Amino acid sequence: MAREFTYGPFTSRRLGLSLGVDILPRSKICTYNCVYCEIGATDPTNLVSPQCRITEPSNVKHFEKELTTLFKYIKKLDSITFGYNGEPTLNSYLEDFYEVAKIVRKRTNWKEVPPKLTLFTNSSTLYKQEIRDVVKKFELVLGKLDIATQEDFLRINRPHRDVPPIETIIDALTHLKSEMPKNHRLGIQCLFYQSYIEDFKSNNNKQNIESLSKAINKIKPDIVQLYSIARIPAEYFIYSLDHQNLVKIKQKIEKSLSNSTKIYCY
Ligand code: SF4
């Protein structure tokens, strides 16, 4: 049987041994067109509103068969990770795919602790209650927030015009955290980059770090993951920020933290 929905498993810097699940069409579909996107620029026709809901792929039966077949062989795994080819919350059937993964995980005879169900989201759709109601079911939610000023948000994440302002997205992440079950974890993912073009400044700038620190204090996530580009970015003038600078950013954010959020650099 051909694999339609899954990648790997691969060893991930942030998740351990992770089986990727992609519930989006073959070409990337997203509400953002980030300058640093490692799967390439978002085609203008696939840069969609956060209100857009796609109904394909929808074949949850095939997904069930695929996972069941894979788990005959894979008996040790850290994470079943939804994400990859764009924004997974755009798929109307996200909850159905989640339920299938949960059922197949339960049926599998794991050698060690069963893998957690993880979701990557760019956070742009979380202002909708019905989306948060599905997202909070995942045991680990990794929400993107690498920019906390509106000016940098428009410049760097280049959102679809219907995406709400960054303040609304920060509020949505705050609501999500308060609505998640106590044993589920929210992680904030902050990607930092550098730029070869002088007037296209890095998001490692004073104003953004201060705004991000305030946002993290407000959201109170369990973890924050700071990282940089590991593959080819969408724009030629973008490049990776080194580990030393990531550590400096970590220290700056930690100084202003008033809660128990843990910050990691990758
Ligand atoms: S949100 Fe993720 S998938 Fe979408 S453009 Fe940005 S980096 Fe790429």
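The values are calculated or read from the model by the stated rules, or taken from the named source; none is laboratory data. As the structure is a prediction and not an experimental result, all values here were calculated from the model. Heads up, the Cβs are rebuilt from the backbone with ideal geometry, glycines too, and the neighbour counts pull from every protein chain shown.
Entry remark, the range 55-86: residues being in contact with a Ser or Thr (Cβ under 9 Å, 6 or more places away or on another chain) and within 30 Å of T11 (Cβ to Cβ) number 18 in total. Scanning the range 102-119 for residues that are over 22 Å from the mean Cα position of the chain (by Cα) and part of a loop (DSSP other than H, G, I, E, B) returns T108, N109, W110, K111, E112, V113.
Just to be sure before I move on: is T81 at negative phi and in contact with a Gly (Cβ under 8 Å, 6 or more places away or on another chain) in the structure I sent? For T81, the condition - at negative phi and in contact with a Gly (Cβ under 8 Å, 6 or more places away or on another chain) - is met. With respect to (1) among the small types (G, A, S); (2) surrounded by fewer than 18 Cβ atoms within 10 Å (Cβ to Cβ); (3) in contact (Cβ under 8 Å) with a residue 24 or more places away in the chain, the lone exception for G8 is condition (3). If you check N85, N33 for being closer than 22 Å to F192 by Cα, within 16 Å of the ligand (Cβ to nearest atom), modelled with pLDDT under 95 and surrounded by 15 or more Cβ atoms within 10 Å (Cβ to Cβ), only one passes: N85. All of D152, D162, D96 fail the test of being over 16 Å from the mean Cα position of the chain (by Cα), part of a loop (DSSP other than H, G, I, E, B) and either surrounded by 19 or more Cβ atoms within 10 Å (Cβ to Cβ) or more than 11 Å from the ligand (Cβ to nearest atom) (or both), apart from D162. Against the test of being more than 21 Å from K252 (Cβ to Cβ), basic (K, R) and out of contact with any Cys (no Cβ under 8 Å at 6 or more places or on another chain), the options K206, K201, K214, K182 yield a single qualifying residue, K182. A count restricted to the range 200-224 and to residues that are surrounded by fewer than 19 Cβ atoms within 10 Å (Cβ to Cβ) and more than 17 Å from T149 (Cα to Cα) stands at 3. Criterion first (surrounded by 13 or more Cβ atoms within 10 Å (Cβ to Cβ) and assigned to a loop (DSSP other than H, G, I, E, B)) does L257 satisfy it? In short, yes.
Residues checked against (1) in a strand (DSSP E or B); (2) farther than 22 Å from R132 by Cα:
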site: A2; (1), (2): no, yes
site: L19; (1), (2): yes, yes
site: S27; (1), (2): no, yes
site: Y36; (1), (2): no, yes
site: Q51; (1), (2): no, no
site: S58; (1), (2): no, no
site: K65; (1), (2): no, yes
site: F71; (1), (2): no, yes
site: I80; (1), (2): yes, no
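Here K61 meets each of (1) surrounded by fewer than 21 Cβ atoms within 10 Å (Cβ to Cβ); (2) within 16 Å of the ligand (Cβ to nearest atom); (3) farther than 22 Å from Q225 by Cα with one exception, condition (2).
N46 satisfies every condition listed in (1) over 23 Å from D162 (Cβ atoms); (2) within 16 Å of the ligand (Cβ to nearest atom); (3) without any contact (Cβ under 8 Å) to a residue 60 or more places away in the chain except (1). Does at least one position in the range 178-197 carry a residue that is buried (at least 16 other Cβ atoms within 10 Å of the Cβ), part of a loop (DSSP other than H, G, I, E, B), touching a residue at least 24 places away in the same chain (Cβ under 8 Å) and away from the ligand (no atom under 16 Å from the Cβ)? Yes, because at least one residue in the range 178-197 is buried (at least 16 other Cβ atoms within 10 Å of the Cβ), part of a loop (DSSP other than H, G, I, E, B), touching a residue at least 24 places away in the same chain (Cβ under 8 Å) and away from the ligand (no atom under 16 Å from the Cβ). How many of the residues making up the range 117-135 are within 19 Å of T6 (Cα to Cα) and either within 16 Å of the ligand (Cβ to nearest atom) or in contact with a His (Cβ under 9 Å, 6 or more places away or on another chain) (or both)? Within the range 117-135, residues that are within 19 Å of T6 (Cα to Cα) and either within 16 Å of the ligand (Cβ to nearest atom) or in contact with a His (Cβ under 9 Å, 6 or more places away or on another chain) (or both) number 4.
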